Amino acid sequence: MHAMVLNALRTPLVWTELPDRQPKPGEVRVKVGACGVCRTDLHVVDGKLPNPHVPIIPGHEIVGRIDALGAGVEGLSVGERVGIPWLGHTCGTCPYCRMKRENLCDQPVFTGFTRDGGFATAAIADARFCFPLGESGTDESLAPLLCAGLIGWRSLTMAGEAGKLGLYGFGAAAHILAQVARFQGRSVFAFTRPGDVAAQRFARSLGAEWAGGSDEMPPAKLDAAIIFAPQGGLVPLALRTVRKGGRVVCAGIHMSDIPAFPYALLWEERELLSVANLTRQDGLDFLLQVPAMGIVTRTTAYALRDANQALYDLRAGRFEGAAVLVL
Ligand SMILES: [Zn+2]
Ligand SMILES: [Zn+2]
């Protein structure tokens, strides 16, 4: 197999030939067809996440076909198309797993962070954490659903029954979630970097009722806002836009420090929450509804060998929607 390997933090990935791996009991091996490039991959490369593992193969939006089954795997077959998400394994016995909050597991394994991911021709995964994807849609179009879509979905659930929904940072996650929110009959208000008229136009093309800079006030008070951009400075700005009792959801794993802000922004029972990871149930709920929602992902394709360019372009905001490595 071949992979783009992160050998040391804050260095470029290196094209590497590795011995083929065999799935252990309970695991599957997947021939990768496409793997999305997520902002969290940048945070992995940059060493922004706690307890980093190197060397590691990044990538946690994997779409591929099973080409080998480990002993004891049930319900999946060779040739079947599956998705492999960020949540790679949970312990099943810690208090969080037992209270059905496996996204908070004390001993989790994360794809592309603490176990090798999908910037590779093949990947090994715990079979119980793979999602069958069926046959509709290309590998490239489905890949961004595996994290941008799933984390977006969980964030939307956390936002509650918000009819007027703000989205801060209109990248891979927001461009999917805007379509989900519109399908559900919500009004979307998109916030981009000040002056980023291209991103604002992109948001309106996906059904946003209003799009403007993150320094602007929307035309109406919002019921909830979700922050996808990793800038802590957006938290007080978002709190300013939500009504009494409204919610602000921080969707990223890493965010820069939140500046001090007046308590009045939080008062009147506004709520500030974060989203961590996903549960398998989130994935099943979301993927079940994807066909009906008619989500169209905007992708920019890169060859596996060009993963560094994809990461660079993501950092620089050089494309709309999501970058996907296509094999
Ligand atoms: Zn991700
Ligand atoms: Zn656990």
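The number of residues in segment 71-85 that are of a type outside the set (D, E, K, R), touching a residue at least 40 places away in the same chain (Cβ under 8 Å) and farther than 13 Å from Ala123 by Cβ comes to 5.
Where strands (runs of 3 or more DSSP E) fall wholly inside segment 45-151, the ranges with 3 or more residues that are modelled with pLDDT of 95 or more and farther than 26 Å from His254 by Cα are 62-69. Being more than 17 Å from the chain's Cα centre (by Cα), away from ligand 2 (no atom under 13 Å from the Cβ), among the aliphatic types (A, V, I, L, M) and within 17 Å of Phe131 (Cβ to Cβ) is a property that holds for Val73.
Can you pull out the residues in segment 152-163 that are assigned to a helix (DSSP H, G or I), hydrophobic (A, V, I, L, M, F, W, C) and surrounded by 20 or more Cβ atoms within 10 Å (Cβ to Cβ)?
Our first condition is that a residue be assigned to a helix (DSSP H, G or I); within segment 152-163, this holds for 152-159.
Narrowing further to those that are hydrophobic (A, V, I, L, M, F, W, C): 153, 156, 158-159.
Trp153, Leu156, Ala159 - these are the residues of segment 152-163 that are assigned to a helix (DSSP H, G or I), hydrophobic (A, V, I, L, M, F, W, C) and surrounded by 20 or more Cβ atoms within 10 Å (Cβ to Cβ).
Summed over segment 89-130, residues that are within 22 Å of Arg305 (Cα to Cα), under 19 Å from the mean Cα position of the chain (by Cα) and away from ligand 1 (no atom under 16 Å from the Cβ) total 1.
One residue alone among Asp285, Asp257 is charged (D, E, K, R), closer than 30 Å to Gly47 by Cα and more than 16 Å from ligand 1 (Cβ to nearest atom), and that residue is Asp257. Screening Phe183 on (1) surrounded by fewer than 24 Cβ atoms within 10 Å (Cβ to Cβ); (2) touching a strand residue (DSSP E or B) at 6+ places or on another chain (Cβ under 8 Å) shows it passes everything except condition (2). Among the residues making up segment 65-105, those that are farther than 22 Å from Glu140 by Cβ and acidic (Asp, Glu) are Glu74, Glu102.
Within segment 234-254, the set of residues being assigned to a helix (DSSP H, G or I) and without any contact (Cβ under 8 Å) to a residue 40 or more places away in the chain comprises Val235, Pro236, Leu239, Arg240.
Of the residues making up segment 200-228, those that are surrounded by 15 or more Cβ atoms within 10 Å (Cβ to Cβ) and among the aliphatic types (A, V, I, L, M) are Ala203, Leu206, Ala208, Ala211, Leu222, Ala224, Ala225, Ile226, Ile227.
The values are calculated or read from the model by the stated rules, or taken from the named source; none is laboratory data. Only a predicted model underlies this, so the values are computations on that prediction, with no experimental measurement involved. Virtual Cβ from ideal backbone geometry, glycine too; neighbours counted across all protein chains shown.
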